[in-house]
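K.L.:
There's a structure below that I have some questions on.
A short reminder: the numbers here are calculations on the coordinates, not readings from a lab. Since the model is a prediction, treat every value here as computed from it, not as a measurement. Note: ideal-geometry Cβ built from the backbone for every residue, glycine included; neighbour counts use all protein chains shown.
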Amino acid sequence: MIKNIFISLRPRQWIKNLIIFAGLIFSQNLGHPQMLIKAVLAFLLFCGISSTVYLFNDLLDCRSDRMHPVKKRRPIASGALSQSAALAAAVILGFVGSALSFLINQQFGIVALSYLLLMLGYSLWLKRLVIIDVFLIATGFVLRAVAGAEAVSVPISDWLLICVILLSLFLALAKRRQEMKTMVNVAIISRQALSDYSDKLLDQMIAVVTAAVVVSYSLYTMWPETVEKFGSSDLKYTIPVVLYGIFRYLYLIYRRDQGEQPETVLLTDRWLLSSLMVFVLAVWLIIYQ
């Protein structure tokens, strides 16, 4: 049972919570021990809180998951984990995670609790609303970024929030497109909002958001406040790396039919992972050297 509960927590998706470290990194405080410890604790707490949402989501969607070619193997959908055990684990994890969040500071606790309530609302009903569903996914990423900044008590850049919401919209729309292709005839049953989307609509939305991501990040790297803050305009040299990463992801969506699980794509595609590592190294050298 413990093993199946852990699988249901979806540890692979914890990679999404790494955005919590953005505030710490771009505020140039990564070398501050106490702030780093707070950021790590915030990351761990968000892993627990986000896993609470995954458990509730699997409980609510267990019937439709049984018709999905991949999701039917999940412990709750397959029957390997009882619904009562999953519900108990979700309640305990959600309560403990939310309570401990306030021990970091009140602001972080409020943001963490807001994230939990918003994502529970998304699982219960809001994910059925076309277009709003992808905006709520993006809001979840923004709340992660804000929580990371609140945990270490640093202001978060408006540009960072813009880039986060646009990039998360890009990933959410790509996920919807692949879900439609995977589910085909049972798409309407598994996720009602999919019936209101079409390949053409999603392709147009992906194109708009892709352009917006590139333009926003490019402007951020050359913005006077950014140059003044880091004492250099060298961040602009990371733009080609960002472009390559986005283009590689588009290639995986349109030519390899991937994208339904962004965290899996990131961890398994060596070219995409390499571009991310190059980006992180470049940012480190520019900001901290």
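K.L.:
Working only with C-alpha atoms, what are the Rg and Dmax values of the chain, expressed in angstrom?
P.N.:
Rg and Dmax of the chain, Cα atoms, are 19.2, 57 Å.
K.L.:
Would you please give the FRET efficiency between Lys72 and Tyr254, computed as 1/(1 + (r/R0)^6) with r the Cβ-Cβ distance and R0 = 25 Å, to the nearest 0.05? Don't jump to the answer; show the numbers that get you there.
P.N.:
Working: r = 26 Å, r/R0 = 1.04.
According to the calculation, E is roughly 0.45.
K.L.:
Please get the size of the charge dipole for the range 1-156, origin at its Cα centre, with Cβ charges of +1 on Lys and Arg and -1 on Asp and Glu, quoted in debye to the nearest 20. List each step's numbers first, then the result.
P.N.:
Details: 14 positive and 5 negative charges, 118 e Å.
Using Cβ point charges on Lys, Arg, Asp and Glu, the range 1-156 gives about 560 debye.
K.L.:
State the Cα centre-to-centre distance between the range 4-58 and the range 135-158 in whole Å.
P.N.:
Computed from Cα coordinates, the inter-centre distance equals 12 Å.
K.L.:
Can you compute the FRET efficiency between Gln83 and Leu273 using 1/(1 + (r/R0)^6), with r the Cβ-Cβ distance and R0 = 35 Å? Round to the nearest 0.05. Don't skip to the answer; put the middle values down first.
P.N.:
Working: r = 36 Å, r/R0 = 1.02.
It comes to 0.45.
K.L.:
Let me ask something else about it. Along the charge dipole of the chain, Cβ charges K/R +1 and D/E -1, which of Ile104, Phe46, His32 sits furthest on the positive end?
P.N.:
Result: Phe46.
K.L.:
How high is the relative contact order of the range 1-156, in percent, counting Cα pairs under 8 Å that sit 6 or more residues apart? Show your work: numbers first, answer last.
P.N.:
Details: 192 pairs, mean separation 54.1, N = 156.
Relative CO of the range 1-156 lands at 35 percent.
K.L.:
Let me ask something else about it. Sorted from fewest to most neighbouring beta carbons within 10 Å, what does the list Trp159, Trp284 look like?
P.N.:
Details: Trp159 17, Trp284 12.
With the sparsest Cβ surroundings first, the list reads Trp284, Trp159.
K.L.:
When the C-alpha atoms of the range 157-289 are aligned to their principal axes, what extent does each axis show, in angstrom, from largest down?
P.N.:
55, 29, 18
K.L.:
Let me ask something else about it. Below 8 Å between Cα atoms, with a sequence gap of 6+, how large is the relative contact order for the chain in percent?
P.N.:
Values: 340 pairs, mean separation 54.3, N = 289.
Over the chain, the number comes to 19 percent.
K.L.:
Continuing with this model, one more query. Just subtract the alpha-carbon distance of Trp223 and Phe135 from 0.36 nm times their residue separation and send over the number in nm, one decimal.
P.N.:
Numbers: separation 88, 0.36 × 88 = 31.68 nm, distance 2.62 nm.
Contour length minus Cα-Cα distance gives 29.1 nm.
K.L.:
Compare the peptides 195-203, 117-125 by average per-residue count of other Cβ atoms within 10 angstrom and give them in order, highest first.
P.N.:
On the way: 195-203: 14.0, 117-125: 15.7.
Order by mean packing, descending: 117-125, 195-203.
K.L.:
Under a plain spin-label model, where a point goes 7 Å from the Cα along Cα-to-Cβ, how far apart in nm are Leu201 and Phe95?
P.N.:
Result for the modelled spin labels: 4.1 nm.
K.L.:
Continuing with this model, one more query. Note down the magnitude of the dipole of the chain about its Cα centre, charges +1 on Lys and Arg C-beta and -1 on Asp and Glu C-beta and zero elsewhere, to the nearest 20 debye.
P.N.:
Values: 26 positive and 17 negative charges, 190 e Å.
Using only the charged Cβ atoms, the result is roughly 920 debye.
K.L.:
Roughly what would the spin-label model give for Leu243 and Glu263, points 7 Å off Cα along C-beta, in nm?
P.N.:
3.2
K.L.:
In angstroms, what radius of gyration and Dmax does the range 1-156 have, counting Cα atoms only?
P.N.:
For the range 1-156, the Cα-based Rg and Dmax read 16.2, 49 Å.
K.L.:
With charges only on Cβ, +1 for K and R and -1 for D and E, what is the dipole size of the range 198-245 about its Cα centre, in debye, rounded to 20?
P.N.:
On the way: 3 positive and 5 negative charges, 5 e Å.
It comes to approximately 20 debye.
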